[in-house]
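The values are calculated or read from the model by the stated rules, or taken from the named source; none is laboratory data. Worth saying up front: this structure is predicted, and the values here are computed from it rather than measured. Cβ coordinates were reconstructed from backbone atoms using ideal geometry, including for glycine residues, and neighbour counts include every protein chain displayed. Keep in mind that these areas ignore ligands, DNA and RNA; they rest on the heavy atoms of the full protein, side chains included. Shrake-Rupley method; radii C 1.70, N 1.55, O 1.52, S 1.80 Å.
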Amino acid sequence: MKSALMIAGYVFLSICAFVLVYFLVAFILSRWGVDKEPQTRQEVTMYILTNGVHTDLVVPVKHELFDWNKFINYQHTKGKDSTHNWVAFGWGDKGFYLETPTWADLKVSTAFKAATGLSNSAIHATFYKDMQESADCKRIQISVQQYNRLIKFIKTRFDLDAKGKPIHIQTNANYGLNDAFYEAKGSYNLFYTCNTWANNGLKASGQKASIWTPFYQGIFYQYQ
């Protein structure tokens, strides 16, 4: 009996220690920034956007470098509106995206799979007509070369079918009239979250970013 209690105590203390170290490291590395690349040209406007949990990378729907309507399809949205000017991309755990509309809907199994990397991932694409800067939406100016790198970063996370097209996820879990979900590559886990992905996208395009962050606060700290 005493042995069992000691083991349980060690396990509990180990979990508490891991959580403490995790949040401490996340805080330090998220505040430790990566500098923006030196640049003279501000040719493309992009945004970072958060809903308080996820961070999305927002880019023009159409640009001379790439037309996202030829890669993903606004027809996959409920609204089927072709007049939007911006598209936001977020990568994350498929279970969270499709099965957890609110924190009250979170299942232990979903959380466990997400934390351990045992589940699949998805890309959430949301179309917008306009973007308004705020505490949750920051405007960033990048060069054409940097945007080209960001395009490649986003595209390579999509899981493609035999024809090289993104795989649309048929679901009723859409957040609104102007969004759609797609199958994605990779697995979400404690060390590579939706915000880690977005932070890496900023690094790939030569923008300010955290050394590492699992939370949106780390990204937006760099853009205060």
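Restricting attention to the stretch 165-219, which residues are surrounded by 21 or more Cβ atoms within 10 Å (Cβ to Cβ), assigned to a helix (DSSP H, G or I) and in contact (Cβ under 8 Å) with a residue 24 or more places away in the chain?
Passing the criteria: Cys194, Asn195, Trp197, Ala198, Asn199, Gly201, Leu202, Tyr216, Gly218, Ile219.
Name, by its number, the condition in (1) polar (S, T, N, Q); (2) more than 19 Å from Pro166 (Cβ to Cβ); (3) open to solvent by 30 Å² or more (accessible area, probe 1.4 Å); (4) not in a loop (DSSP other than H, G, I, E, B) that does not hold for Ser30.
Condition (3) is where Ser30 drops out.
Can you pull out the residues in the stretch 70-89 that are small (Gly, Ala, Ser) and within 25 Å of Cys194 (Cβ to Cβ)?
Gly79, Ala88
Considering only residues that are within 15 Å of Asn85 (Cα to Cα) and among the hydrophobic types (A, V, I, L, M, F, W, C), which ones fall in the stretch 28-47?
If the condition is that a residue be within 15 Å of Asn85 (Cα to Cα) and among the hydrophobic types (A, V, I, L, M, F, W, C), then Val44, Met46 are the ones that fit.
Anything in the stretch 149-206 that is of a type in the set (Val, Ile, Thr) and on the phi > 0 side of the Ramachandran plot? List them, or say none.
Across the stretch 149-206, there are no qualifying residues.
Answer yes if at least one residue in the stretch 105-113 is crowded, with 20+ Cβ neighbours inside 10 Å and at pLDDT 80 or above, and no otherwise.
no
Which is surrounded by 13 or more Cβ atoms within 10 Å (Cβ to Cβ), free of Cβ contacts under 8 Å to residues at least 60 places away in the same chain and among the basic types (Lys, Arg), of Lys70, Lys36, Lys80, Lys62?
From the options Lys70, Lys36, Lys80, Lys62, the qualifying one is Lys62.
Which is touching a strand residue (DSSP E or B) at 6+ places or on another chain (Cβ under 6 Å) and closer than 23 Å to Lys36 by Cα, of Ala204, Ala198?
Going through Ala204, Ala198 in turn, the sole match is Ala198.
For Asn148, which of the numbered conditions (1) surrounded by fewer than 17 Cβ atoms within 10 Å (Cβ to Cβ); (2) under 19 Å from the mean Cα position of the chain (by Cα); (3) not in a helix (DSSP H, G or I) fails to hold?
(3)
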